Every structure is written in C-alpha cells, then in structure tokens.
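To keep things clear, I will list the structure first and then write my remarks on it.
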C-alpha cells in the first residue's frame, strides 16, 4: 500500500471529509487529493510534501514519524536528506543591548569630566571678559598735560545709556539667533523606515521588496491567525526559521539587523502578517487566491 492510500484509508475510517480535513490542516484540498493519489510532484516543494504529509497524518490519528520512516523511499527528501528543523529562533537583543550599555557607562565619567572642564573654562572666560569690560568703562582716558577736558554729566549719562541699550540689544539678538538655531535643529526629523516593492524583480508569486532607512536595528515581526508553513533564510542561505508557524507562537520577533536580505517562503499567506520595524508588508498579490508566496526583502541601512 502506498503512503497516499494509507492516509486516505485512515481518513475514511475516521469519517473525515476532504473539506473538513482542509479546514483542520489549512492545506488546500487539491494538495490533499494529490497526496492521496501519490502525485507529490505537484506540491510546492520537497519540504512541503513532507510537512503536508505530517499534518495529514496528525489529523487522521497516525504517527507522522513512523509513517515517514516506513515510506521513506516514497517520500521525496530535501537537499540535506532530512526535514529542515528550527535552526535559529528569535535572536535576543539582550547581549547587544548590554554591550552597548556597558560601553556607554564606561565613557560616562569621562564625558562628565570633560563637560565640567568646558563649563568651568567658559565661566572663567565670561567673568574675565566682564571684569575687563568694567575696567575699561571705569578707567579715565589718557590726557595730555596741555589739554583741558570739560566733562558734561548729561552727555556721560546719555552715552552710558546708549551703551547699555546696545549691549541689551546685542544680547537679545544673540538669544534670538540661538533660539532660531535650536528650533531648526529640533525640526530636523530622522528619515522614516520605508518598505517599497521592486516591480522589476517581482513576477507572479515571487516578490522583491526594498527596506530603506532601516537603521541599525531591524526587527522582523510575524503574526499568524492560523497555521501556516514558513521558511525564512538570509542572503547566505542560512535558515532563520523553518516549520509550521501557529497562532499560539504569535507574535514572533526575529532580529535581522546583521542581514543584507531576508527570504520568506510562505505556505498560507492569508493567515500570516509580516512587518519590519512596525512597517507592515502588503502582499503584492491576493494572499487568499495565492496562498503560497515567495518574498525577498533587501535591507538598506
């Protein structure tokens, strides 16, 4: 008996219809029929064949591992001759954050001392300038022995008043310029993260996106409202996640700050929500009509 016939027999013994099985496993009915008829070549990929058979077996009460072992010659194998398992789950940011915090704390005393020295220097310079200004105002002008100068108290008063007014005006203008510079600096906004589709590299169910102005830290967030097969790899082909992703695991965050690009192979796109740094990715084609989608995201810092 072939593996498809074995699964079909178990399904019929439990009185489970194909429609009910589709609802339980989230696998399209045409794929379930293909498994029962032994047409495994029409499934999306080798690892999908193994994953779908395991889901089918669980739904009809069979042990998937024993079943795959019994029919190992019939079931297609993946490139490494074993089903891809979890290789890298959520990468925590604690180590990176702790290293950054430690480096900042180590420099903090030095920064404080430098700021204090600069503050003392400017305070001393300010008081020296103030003293020099007072000395110049109070010191009498040098006079020739043969000259007689008659001071008019009213003129002195007017001159001093004008000088004080000029100093006040100069201070006000300086303050206004400083305020304007501060306002301009505060109005400068950091560039926002943008997720755009590359139309030239997008064809059918294969889509390419560019994540621009991503920043130093990039978080990939995944949320599922059901069950979906999910395979995530980086630019070097290393697996970041592989397996059946369920609603119970949601939301899941992956740290992809060190990656140049991310590849997502999705088996049930209608139930899966994807976002990078809280910017949601919109599927370029209808995920209900095309549940299997392959997406590349190029990360540009």
Place the peptides 194-203, 24-33 in order of packing, highest mean first, counting for every residue the other Cβ atoms within 10 Å and averaging per peptide. 24-33, 194-203
Compute for the stretch 3-70: radius of gyration divided by Kirkwood radius, i.e. Rg/Rh, restricted to C-alpha atoms, rounded to two decimals. 0.91
For a quick check: sort 288, 297 by the number of other beta carbons within 10 angstrom, fewest at the front. 288, 297
The stretch 266-301 and the stretch 233-264 have their Cα centres apart by a whole-number Å value of 12
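Throughout, read-outs are computed from the coordinates displayed, never taken from laboratory work. All values reported here derive from a predicted model rather than from experimental measurement. Using ideal geometry, Cβ is built from the backbone for each residue, glycine included, and neighbour counts are taken over all protein chains shown.
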